[in-house]
């Protein structure tokens, strides 16, 4: 019983901490660019404002357009439930393994793309086609990175894999080094950060994610934005907990959970700083260069798998 | 031997070897001259550190000398020579457009698989902890050759050649813990002389065909017209 | 022992000496004197080995047995005759092609440098140092191939450098694998690359690793031998460099590369009890033989034509060493000697022919026998010798190889005979107009010392008619060493 309660608590924590992470990223970025930053709670205020507003629907909008925000949000919550945030071996992690996790994210992307095309505007179609191209390239990379992890842990269940890495102690695995680099590049592509997509832009030549959701307003927009923030947190937690799992709670005592919470907070803050530095240093790539970027990510994850087979399995 | 059972230093050797392989791939996709030279320098550094770690783990102290030799020659001297050449030939800002970089990287990955397959019979017989790295060293050799085949500029071909020698030296280190000292010194001397001669060559090439584009060296044909 | 050290030290000293004084008029004479002294010390060495048996230096770094001692003498002899030829030839070249003093210093010091690496490769006991010397030979000569600095010469030198460099790198991998296999069997680590120790424990070396090692070594040293399909550098390098370079590259480097290959084959045969190494060598040898014979016909440059003839003969030798029996090995050893003597003599004559005609294109060289009879006759007799006419030595060695083939692989004699006929036709088709054609306007004889050429061709004739006893004994000892039994 406690386990289920903890699982529900963890998912709620995931949901409500995601905007805080987004706020932290924004704050660090502003400091790096020498601007004055908005408060950490600004994303909450923005979401509250959006929830209060009316939704405006286009005349040609079908049920797809109306239900997509809920589907996307639902799929993202499900994913958040599966990913271990503070503790491992929670019952919700048995719902799905990593492959299904990738599938959930793919479901969300699929519906967003459909919604973008649903109304018939040029921006929506353009954004949808770009998103699908990037998705088509990024998904194999992500699968290969998680397969590398799964091959080492001999299981595709995320919680079991994290527990395995935790129990092995400090082991330097070449495959993990490549896999984490590949996963970071995929995370950048999938969450729409520089250099693949600029989250702050609304210029038609450079939008990808923003183009698909351009027509949304009110609570629909709030749900979609929240889902995007949760997605960023999901990827960050994946990177932090799969490859650097130390601190995560393996038992359900208060002490372990406390340590777990602090550990994940520190890791997320660190990853956010890495992301901001990366975004500041890199310039946004032209769209036709995105396949090369993802090709290099593919190479890294492929090398991860190859080095696992060659170097780590004892011949 | 499972990875988790090896000592931390052994694992570090594997990680560094994998990173050296990554530098080979980075060189395949890099069109600009100076980053290419620097990547080659980093490959030398990684190999020198790996050699020193292998020396520490296995207790073969003569490998420390090999590590210092590699660092001095392949991470410092030869990149410095190449850098000087690039500046004197005024090609340091040149970017050679690579036709299909993603395809090239995939071909490189296929070569890694091939070298793993080829080195399986050797790996079975090695009792050392570094035996799996033989496949990595052979991949570095093959990737160096791929680099030579796919480039048109003489400087990139020379770096491919040097990278191949890196891989061969590394193969010697990991399969047999280095060769007898006199042979290693001889090989290092040969590599140095080769680098110097390449430098002299570039000037001759530039003076005779007015560019460093190897595709222009095409006057000697099999069947003379 | 002293003879051995001197044989190696004289060329080494020559490198340094000629690096400083190589541009003087006297440099050619100094080169001749150095090569002459090397030849004398090599004869002395040969006598020591003849009397005392196999020689090993105190640190076991150098090793002279029946197989390499006569190659050492042969190398020194050909280098001496080529040095004698090179003196007036290069003087002429300096005047006509304006070679600077710096280039002459490079030429002369690298001539001795090349000799040093060849002799070091022949006399070393350490398989790793053998590799270092082979690579050193490439490095010593690469700048000489581009000596004339024309675009063609630079291209030939680049191809030579890259192809031989990559090839030799494969040989290094093969050497590493050999050391890998040896290290598990031989207790003292530093001994594991010494040839005599390896030969003693050859049966204990791991067969799978040695097979892989041999493949890499065959590809590596085979590139330097000029085996098809790794031969692309050879016609270019031999035709674009100065003629003395072509003579010593064709006559010596190919031989020493084949020697390295056979040394390794001896180890591999001891380990694998089947004849896989031999079969591989036979395959590549036969391929080179046939392909080179066909390519011979299409050549328009005289030096390229003769370098294809070199590829063909090296292919034949590789094939013979691959068959492996005593008869074939004896034939191959004899062929190494006579080919080296004949080919260097031919290249010397070709150099003079090109000087007379002012070009290397076959179509423009005519009427040599009218203009300068010694050159014309030299070329004619040389080509007759290399094509395998009796009573020259090449005929005898080819006959021995054919007999051996007929004994063990009867159906392979057909391609051999066909190849010999094709090469013969190709050589004479091009030779006849060159020697007997109509003399073009204004063709004048050049200063040429044809004595070394005549001497070498006479030696080949002598070897064809009656091999002297001491030489036959040597070949026999080497054959016993390589093939295990005597043909006589």
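Bear in mind these aren't lab numbers, they're just calculated from the coordinates by the rules spelled out. All figures in this text were calculated on a predicted structure; none of them were measured in a lab. Neighbour counts are summed over all protein chains in view; Cβ atoms, including those assigned to glycine, are modelled from backbone coordinates with ideal geometry.
Values for this structure:
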{"item": "FRET efficiency, 1/(1 + (r/R0)^6) with R0 35 Å, evaluated for residue A:136 and residue A:273 via beta carbons", "result": "0.70"}
{"item": "Helix axis angle, A:218-243 relative to chain A longest principal axis, alpha carbon, degrees", "result": "20"}
{"item": "Over the range C:225-282 - Rg/Rh using Cα atoms and the Kirkwood inverse-distance radius", "result": "1.12"}
{"item": "On Cα atoms only, tilt of B:133-150 relative to the major axis of chain B in degrees", "result": "10"}
{"item": "Separation of alpha-carbon centers, the range C:433-488 and the range A:205-240, rounded to whole Å", "result": "86"}
{"item": "Estimated inter-spin distance, residue C:21 and residue B:106, nm [label 7 Å along Cα→Cβ]", "result": "6.5"}
{"item": "The range C:175-308 - percent relative contact order, Cα under 8 Å, separation 6 or more", "result": "29"}
{"item": "Mean projection area, nm², convex hull over Cα of chain C", "result": "20.3"}
{"item": "For a label point 7 Å along the Cα-to-beta-carbon line of residue B:218, residues of the range B:139-175 with backbone N under 19 Å", "result": "B:148-157"}
{"item": "Value of [θ]222 nm, deg cm²/dmol, for the protein assembly as shown, DSSP H segments ≥ 4, -39500 (n - 2.57) each, nearest 500", "result": "-25000 deg cm²/dmol"}
{"item": "Using alpha-carbon coordinates, inclination of helix A:42-52 to the longest axis of chain A, degrees", "result": "50"}
{"item": "Overall form of the range B:69-167 per C-alpha gyration tensor (a/c, 1.5; a/b vs b/c)", "result": "oblate"}
{"item": "Chain A: relative contact order as a whole-number percent, Cα under 8 Å and 6+ apart", "result": "28"}
{"item": "Rounded FRET efficiency, nearest 0.05, which uses the C-beta distance separating residue B:192 from residue A:4 and R0 of 45 Å", "result": "0.05"}
{"item": "Over the protein assembly as shown - Rg/Rh using Cα atoms and the Kirkwood inverse-distance radius", "result": "1.09"}
{"item": "Sorted by Cβ density within 10 Å, fewest first, the residues B:33, C:444", "result": "C:444, B:33"}
{"item": "Chain C: relative contact order as a whole-number percent, Cα under 8 Å and 6+ apart", "result": "14"}
{"item": "Residue mean of other protein chain beta carbons inside 10 Å, A:208-220", "result": "0"}
{"item": "Zone of residue C:300's modelled label, taken as backbone nitrogen in the range C:143-165 under 19 Å from a point 7 Å along Cα→Cβ", "result": "C:150-156"}
{"item": "Share antiparallel - DSSP beta bridges, the protein assembly as shown, percent rounded to 5", "result": "90"}
{"item": "Residues C:308, A:70, C:89 arranged by fewest to most Cβ contacts within 10 Å", "result": "A:70, C:89, C:308"}
{"item": "Most mobile listed residue (B:202, B:189, B:125) in chain B, GNM with C-alpha springs under 10 Å", "result": "B:125"}
{"item": "Global form of the range C:42-170, assessed from the alpha-carbon gyration tensor, a/c cut-off 1.5", "result": "oblate"}
{"item": "Cα gyration tensor shape of the range A:7-162, rounded if a/c is under 1.5, else prolate or oblate by comparing a/b with b/c", "result": "oblate"}
{"item": "Order by protection proxy (mean Cβ within 10 Å, highest first), peptides B:57-66, A:124-133", "result": "A:124-133, B:57-66"}
{"item": "Number of partner chain Cβ atoms within 10 Å, mean per residue of B:194-205", "result": "4"}
{"item": "A:267, A:49 arranged by Cβ crowding within 10 Å, fewest neighbours leading", "result": "A:49, A:267"}
{"item": "Whole-number D in µm²/s for the range A:2-312 (Stokes-Einstein; Kirkwood sum over Cα pairs; 37 °C, 0.692 mPa s)", "result": "165"}
{"item": "Euclidean distance between Cα centres, the range C:317-352 to the range C:359-384, Å", "result": "23"}
{"item": "Two-site label geometry, residue B:72 and residue A:265: point separation in nm, points 7 Å out along Cα→Cβ", "result": "5.4"}
{"item": "Computed label-point distance, nm, for sites residue A:37 and residue A:205 using a 7 Å Cα→Cβ extension", "result": "3.2"}
